[in-house]
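A.B. asks: Below are the structure tokens for one structure; questions will follow.
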Amino acid sequence: MLDLDYPEDSDCGETDMNVVMTGAGAFVEVQGTAEGSPFSRTELDALLELAGDGIARLVSEQKKALGIA
């Protein structure tokens, strides 16, 4: 899941990560906070990869919905 609702987000207790990207894949915002224990560079890289993949899928679905895919 890419965007947790408030109850899920407030109960996760690990890392709060916000990533905003353009349709071309450039970063607009990256904000990550360890809510519990600190996270590693490997975990950060995995979160950024997950965000990038998810955002690319959302952009693709939006283009399909708009008929510009």
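A.B. asks: So which residues in segment 21-69 are part of a strand (DSSP E or B), free of Cβ contacts under 8 Å to residues at least 24 places away in the same chain and of a type outside the set (S, T, N, Q)?
C.D. replies: Phe27, Val28, Glu29, Val30, Gly32, Ala34
A.B. asks: Looking at (1) assigned to a helix (DSSP H, G or I); (2) at pLDDT below 95, find the lone condition where Met17 falls short.
C.D. replies: (1)
A.B. asks: Could you please give the count of residues in segment 37-49 that are loosely packed, with under 14 Cβ neighbours inside 10 Å and under 15 Å from the mean Cα position of the chain (by Cα)?
C.D. replies: Count: 3.
A.B. asks: For segment 24-34: of the residues being surrounded by fewer than 14 Cβ atoms within 10 Å (Cβ to Cβ) and under 23 Å from Asp5 (Cα atoms), which is farthest from the chain's Cα centre (by Cα)?
C.D. replies: Taking the candidates together, the pick is Ala34.
The values are calculated or read from the model by the stated rules, or taken from the named source; none is laboratory data. Note that the coordinates shown come from a computational prediction; the quantities given were computed from them, not determined experimentally. So basically every Cβ, Gly included, is an ideal-geometry build from the backbone, and we count neighbours across all protein chains shown.
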